[in-house]
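The values are calculated or read from the model by the stated rules, or taken from the named source; none is laboratory data. Predicted model only: the values in this text are computed from it and were never measured. A quick note on method: Cβ atoms are made from the backbone with ideal geometry, for glycine too, and the neighbour counts reach across all protein chains shown. Surface areas here come from the heavy atoms of the whole protein model, side chains and all, with no ligands, DNA or RNA. Shrake-Rupley method; radii C 1.70, N 1.55, O 1.52, S 1.80 Å.
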Amino acid sequence: MPELPEVETVVRGLRDRLIRSRIRSIAPPNRRSTRTPRARFGRLVGRSFRDVHRAGKFIRMAMDDGRLLTAHLGMTGRLVVLDGDRPIEQHTHLQADLGRGRELRFVNPRWCMGGLWMLNGPADLLDPTAELGPDPLTISADAFVELLGSTRRQAKALLLDQRCMAGLGNIYCDEALFAARIHPRARCDRLSRPRRRRLWRAIRDVLADAIDRGGSTLRDYRNVDGDVGWFQLSLAAYGRAGHPCPACGKPISHATTAGRSTHYCTRCQRF
Ligand SMILES: [Zn+2]
């Protein structure tokens, strides 16, 4: 499932290919993936892309008239720019002609997850990003330390809550908590300030490392089929239950925390 680094990589790839491109025509998007009235998508014709950016795990494509085409990849969605003569894949829910033989396509096999929003602007009431918390890559260390100090919630539950921190998912939460040597169920306000700051740093490092890997994945794949293979991650904790902890050798434990599968080392990660 794409998390923040994967979405960031898609955004960077789209930025290169979409900015200044004008939409010549658009096929009516599939209603299964549209989360705003479908008629709105027709207004994209004739508009150019001004910018592409990320909000949590949402992809925001700003048009030259201020409207925002917004996408969420859900579990398996893909947003790609490719040659229009490429066969239409099953579950292609959006096709926009960009001229010069290129098309923007949104492919969403598991359409109950993810989707498309056509927003009239940043204040649109249907904006799914309105309640997102700060981005883990841009929040300051001081703000992060204060955020954790203000809540009695458990560390992993807080990090997964998109209203508190936008874009972190299960994999990178486990990896960041492992790197910071903090137990997933540690109470946030009981962590010392240096440990909270260490978690802030660990989150950034884990995400930056994954984005770096994604950059090379993108370069390898983009000319082949316009697709982005998700990253081959070297994970220390996530998905490694029973395997030795890379730091101390004790088998990695597995439990359910905040309703999610959680992997951690009981020796290295403390409350
Ligand atoms: Zn360990």
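Before anything else, pin down the relative contact order of the chain: Cα pairs under 8 Å, at least 6 apart, normalised by residue count, whole percent.
Answer for the chain is 17 percent.
So if I take the centroid of the Cα atoms in segment 183-215 and the same for segment 127-177, what is the distance between those two points in Å?
Their Cα centres are 10 Å away from one another.
Local charge sum around Gly74 (other residues, Cβ-Cβ under 13 Å, Lys/Arg +1, Asp/Glu -1)? Mind showing how you got there, number by number?
Numbers: positive: Arg32, Arg35, Lys57, Arg78, Arg110; negative: Glu3, Glu6.
Surrounding charge for Gly74 is +3.
When the dipole is taken about the Cα centre of the chain, and only Lys, Arg (+1) and Asp, Glu (-1) are charged at their Cβ, what size is it in debye, to the nearest 20?
Here the chain has a charge dipole of around 680 debye.
Net charge within 13 Å of Leu132 by Cβ-Cβ distance, Lys/Arg positive one each and Asp/Glu negative one each, not counting Leu132 itself? Please report the intermediate quantities before stating the final value.
On the way: positive: Arg54, Lys57, Arg60, Arg163; negative: Asp127, Glu131, Asp135, Asp161.
Taking every Cβ under 13 Å from that of Leu132, the sum is 0.
Just add up the charged neighbours of Leu98: K/R +1, D/E -1, any other residue whose Cβ is under 9 Å from the Cβ of Leu98.
+3
Below 8 Å, C-alpha to C-alpha, sequence gap of six or more: please give me the relative contact order for segment 64-104 in percent.
38 percent.
Evaluate the chain: find the radius of gyration of its Cα atoms, find its Kirkwood radius, and give the ratio Rg to Rh.
Radius of gyration over Kirkwood radius for the chain works out to 1.01.
Take segment 1-91, drop everything but the C-alpha atoms, weight them equally and run the Debye formula without solvent; then report log10 I(q)/I(0) at 0.12, 0.23, 0.26 Å⁻¹ to two decimals.
So the normalised log intensities are -0.37, -1.48, -1.62.
Under the definition of Cα pairs under 8 Å and six or more residues apart, what whole-number percent is the relative contact order of segment 57-127? Before the final figure, lay out the partial values.
Numbers: 129 pairs, mean separation 25.3, N = 71.
36 percent.
How large is ³J(HN,Hα) for each residue in segment 27-34, as worked out from phi by the Karplus curve 6.51 cos²θ - 1.76 cosθ + 1.60 (θ = phi - 60°), to whole Hz, x for Gly and Pro?
Listing the rounded values in order: 7, x, x, 5, 5, 5, 9, 8 Hz.
Between segment 27-72 and segment 86-120, what is the C-alpha centre distance in whole Å?
10
Output the peptides 80-88, 19-27, 106-114 sorted from most to least packed, where packing is the average of other Cβ atoms within 10 Å over each peptide's residues. Write down the numbers at each step before the final one.
Details: 80-88: 13.1, 19-27: 15.2, 106-114: 18.3.
Top to bottom by mean Cβ count within 10 Å: 106-114, 19-27, 80-88.
Could you work out the helix-only [θ] at 222 nm for the chain, with each DSSP H run of four or more residues adding -39,500 (n - 2.57) and the total divided by the number of residues, to the nearest 500 deg cm²/dmol?
On the way: 5 runs with 73 residues, N = 271.
Calculated mean residue ellipticity at 222 nm is -9000 deg cm²/dmol.
When the accessible area of the chain is split by element with a 1.4 Å probe, what percent falls to carbon and sulfur?
Roughly 48 percent of what the probe reaches on the chain is carbon or sulfur.
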